[in-house]
1. Using Stokes-Einstein with the Kirkwood hydrodynamic radius over Cα pairs, what translational diffusion coefficient do you get for the range 100-230 at 10 °C and a viscosity of 1.306 mPa s, in µm²/s rounded to a whole number?
2. Simple spin-label model, 7 Å along Cα-to-Cβ: E61 to E79 in nm?
3. With loop defined by DSSP as not H, G, I, E or B, and exposure as at most 10 other Cβ atoms within 10 Å, which is the longest segment of the chain clear of exposed GluC sites (Glu not before Pro)?
4. Net charge within 11 Å of Y228 by Cβ-Cβ distance, Lys/Arg positive one each and Asp/Glu negative one each, not counting Y228 itself?
5. A209: net charge of surrounding residues, Cβ under 14 Å, Lys/Arg +1, Asp/Glu -1, itself excluded?
6. Pairs of alpha-carbon atoms within less than 8 angstrom and 6+ residues apart define the contacts here; what relative contact order does the chain have, in percent?
7. Largest first, what is the accessible-area ranking of R142, R231 with a 1.4 Å probe?
8. Any idea what log10 I(q)/I(0) is at q = 0.09, 0.10, 0.11, 0.12 Å⁻¹ for the chain, Debye with uniform C-alpha scatterers and no solvent?
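The values are calculated or read from the model by the stated rules, or taken from the named source; none is laboratory data. Because the structure is a prediction, the values reported are computed rather than measured. Here the Cβ is made from the backbone with ideal geometry for all residues, glycine too, and neighbour counts use every protein chain on show. Just the protein is used for accessible areas: all its heavy atoms, side chains included, with ligands, DNA and RNA removed. Shrake-Rupley method; radii C 1.70, N 1.55, O 1.52, S 1.80 Å.
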Amino acid sequence: MKTIKTTLALALLLCLTYNVSQAQKMFMVHQDNVKPSMVMEYEKIAKEFNAASVEHNLQTEWFTAVSNDFKYFYITPIENFAELDKRPFADMAKAMGDKFGDMFNRFDTCYDSHGTYIVVHDEALSYMPEGAKETQKDKNYRKWFFMYYTPENGKKIKEGMKAVKELFTSKGSTNYYRIYRNGFGTMENYYMVSISATDEVDGATQAKANEEVLGPDRWETFNKVLKYTSRMEEYSGEMRPDLFYSPKKD
């Protein structure tokens, strides 16, 4: 985990208008691709880092998720690109002195690659009739489906995503999902479907029951997305409330 450094190239890109409506929330995601052999050590340091953040009342916040292939995601909601210029760790680093740098040096031994990018939560395409937030009590298990597409198919795949939501709505499905799409800092276009459950068994049970609700004709609608998808990736994971952080409220 390292703070984002502002560069001339970034500044120029951020001058471009990025139209995010009220139905589209932005999140800055820092991703650490942790080596399997270093997961236990990484977990130890991550908990130390959270404890230090609490001690110094760090003025930022994040949710944390972990995938089944040991990727750790630190997810911070942002209002606009100007927030990328902030240095929330500056005061904490000054107060901790060498201990701050040492902690990040230890982090660096735990992964071969990491980086930061933006994703956008598209509420208009998400199927969340009850308006649930990104985190839900007792539903920390996640299934993530990434559907990649080429720029020429952007409009068609979005129309397909709308058709799927209309199908779920018309059938009264209780298998809710959120839709996220790639933002600044990613090279490929994708939609990511995030489905919550209490655990793996609950997730599989929900999916099976949903097949009955949607009926055999569901594939006709699903194909409106699939035929414009260049490839798919599926991951499981979980939200990690023990690694969440938010500052103290006055």
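1. Rounded to a whole number, D works out at 96 µm²/s.
2. Label at E61, label at E79, 1.3 nm between them.
3. 131-250
4. Neighbourhood net charge equals +3.
5. Within the 14 Å Cβ shell, the charges total 0.
6. Computed value for the chain: 29 percent relative contact order.
7. Ranking R142, R231 by accessible area, largest first, yields R231, R142.
8. Result of the Debye calculation: -0.45, -0.55, -0.66, -0.79.
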